[in-house]
């Protein structure tokens, strides 16, 4: 039996996975990047000792980040993904045939290299000609870029610690909004309201100061250990519960979780979340 | 810093809680019963080294077991709870003023004793005059009882191992159905479709052979470590998405999770569950 690899969430709670084999371990200029093969979650990407994504449950995270935004934005021709070095988010984006260009901004090339080699089942769209991967800092990109505006922006950052912390700053969100079409939709992972209620609430307040429509939604990501993860749908126009049916129908068969009923369901918030947000 | 108390789910995945203090530890004729005080989940009931319920997240389990059934059954005067020695389920049942009698069948008196003493925040309804707690085996009760039939039956069993395993047998479900009014509603915890898909699917099949309407629903229970837990709503008549509004309104303010939108949302199943059930 292999040794346990534990992630300790808050100093007091840990999720442990039994490791069959460490497939990859390296230090980039930014962080420690590992890929471990586990008994119960398959291959797992670990960054600075934090479980990032696994073969077993990655669909629950990536489908939920991508499809609520991509099925509701008025146009989805140009899509920006910031972070997401494992390739799962851009894979989901590129399943939409209306997407003409997907720019992915990832600070750490080593993550993509490790993912391409050891997690080929997650990043299946690396060779899609519509994909444009650039290894630069997301916060610099949204500040300085003079690229055209985007129809959809997806923020696939890590936790608000380490090199990913800036992706939770108001300045960064402002930069994203600058890059977003006026009627565009932005979606982001926004942490767990159970494990990190303060970060979750703070993030909602930052987003509300920038966008007219800010709608958190919830779902499970077993690897993140708390039973409930959150993402947030943001826009100045439109609303998240009127998806384009044709776009939904085109992706249902290839989705392991996402379907039209689930799209409506994930926006229903339990009382403890509504109360924390004064909704 | 306290030591870790880990529950290993499947031999390969574990959830660990840092323990401040072990408040109670005893062996009954059936099982080992412990109450530990933890940093992140508050007080936790542990049976045979399996985390049962915690002060921190118990509402997510108990509200989801009780209210979908109690807001949809035609009548809720007589309610039967089998298991649930911590007292959380009967507490939720007795919040409904239409309930005139709640019989709770728990095999192990030691669990109730430990819960009364160390988890008073969970079992707040022990002194309700409508509550009738009987320490007998649930499977014997539903076989032999000549009590009147029940309007609602809630099965709050542990996992299908140890003394609770019989509560997942078809014979037991048949006994429950015998005790249920013709238009009554039964609800039960039915394990995790992520961690124990085989048990989940098998349970659905057993229930479908007995009830005309069998509807699993999903929600998070962080203590159970997989991100998604399931319960199942069963009846021969009626359906789960037409709750009685007055009953919902009466309990919203006192509920930490349950509300009418969530009631509708929890029955939306992700594709991987629908496919496993051939829905």
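Going by the conditions given, is residue A:192 more than 8 Å from every other protein chain (Cβ to nearest Cβ) and under 18 Å from the mean Cα position of the chain (by Cα)?
yes
Confirm whether residue A:131 is buried (at least 17 other Cβ atoms within 10 Å of the Cβ), more than 23 Å from residue A:24 (Cβ to Cβ) and not assigned by TED's automatic domain parsing to the domain that holds residue A:23.
no
Condition check ((1) modelled with pLDDT under 95; (2) buried (at least 16 other Cβ atoms within 10 Å of the Cβ)) across all residues:
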| position | (1), (2) |
| --- | --- |
| B:198 | yes, no |
| B:218 | no, yes |
| B:228 | yes, yes |
| B:246 | no, no |
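Condition test on residue A:61, is it within 11 Å of chain B (Cβ to nearest Cβ), out of contact with any strand residue (DSSP E or B) (no Cβ under 6 Å at 6 or more places or on another chain) and outside any strand (DSSP E or B)?
yes
Tally the residues that are over 13 Å from residue B:113 (Cα atoms) and buried (at least 16 other Cβ atoms within 10 Å of the Cβ), restricting the search to segment B:24-35.
2
Within the group A:252, A:266, which residue is in contact (Cβ under 8 Å) with a residue 40 or more places away in the chain and in the same structural domain as residue A:89 (by TED's automatic domain parsing)?
From the options A:252, A:266, the qualifying one is A:266.
Residue by residue through segment B:220-241, note down the ones that are more than 9 Å from every other protein chain (Cβ to nearest Cβ) and either closer than 26 Å to residue A:253 by Cα or in a helix (DSSP H, G or I) (or both).
Once the filter is applied, which keeps residues that are more than 9 Å from every other protein chain (Cβ to nearest Cβ) and either closer than 26 Å to residue A:253 by Cα or in a helix (DSSP H, G or I) (or both), segment B:220-241 yields B:230, B:231, B:232, B:241.
Cβ contacts < 8 Å: first residue under 22 Å from residue B:269 (Cα atoms), restricted to segment B:237-249; second residue exposed (fewer than 12 other Cβ atoms within 10 Å of the Cβ), any location; separation 6+ or different chain. Result?
Hits for this filter: B:237/B:182; B:237/B:212.
Return the residues of segment B:42-56 that are under 18 Å from residue B:9 (Cα atoms), touching a helix residue (DSSP H, G or I) at 6+ places or on another chain (Cβ under 9 Å) and surrounded by 21 or more Cβ atoms within 10 Å (Cβ to Cβ); say none if nothing qualifies.
B:44, B:45, B:47, B:51, B:52, B:53, B:54
Let me spell it out: the conditions are (1) closer than 30 Å to residue A:267 by Cα; (2) buried (at least 24 other Cβ atoms within 10 Å of the Cβ), and residue A:17 meets all of them except one. Which number is the exception?
Result: residue A:17 passes all but (1).
May I ask you to list the residues in segment B:242-275 that are closer than 22 Å to residue B:207 by Cα and away from chain A (no Cβ under 11 Å)?
B:242, B:243
Just to be sure before I move on: is residue A:202 more than 14 Å from chain B (Cβ to nearest Cβ), without any contact (Cβ under 8 Å) to a residue 24 or more places away in the chain and either part of a helix (DSSP H, G or I) or surrounded by 24 or more Cβ atoms within 10 Å (Cβ to Cβ) (or both) in the structure I sent?
The answer is yes for residue A:202.
Please verify whether residue A:91 is closer than 16 Å to residue A:155 by Cα and part of a helix (DSSP H, G or I), treating the condition exactly as stated.
yes
The values are calculated or read from the model by the stated rules, or taken from the named source; none is laboratory data. Everything numeric here is computed off the predicted structure, so don't read it as measured data. Every residue, glycine among them, receives a Cβ derived from its backbone with ideal geometry; neighbour counts consider all protein chains shown.
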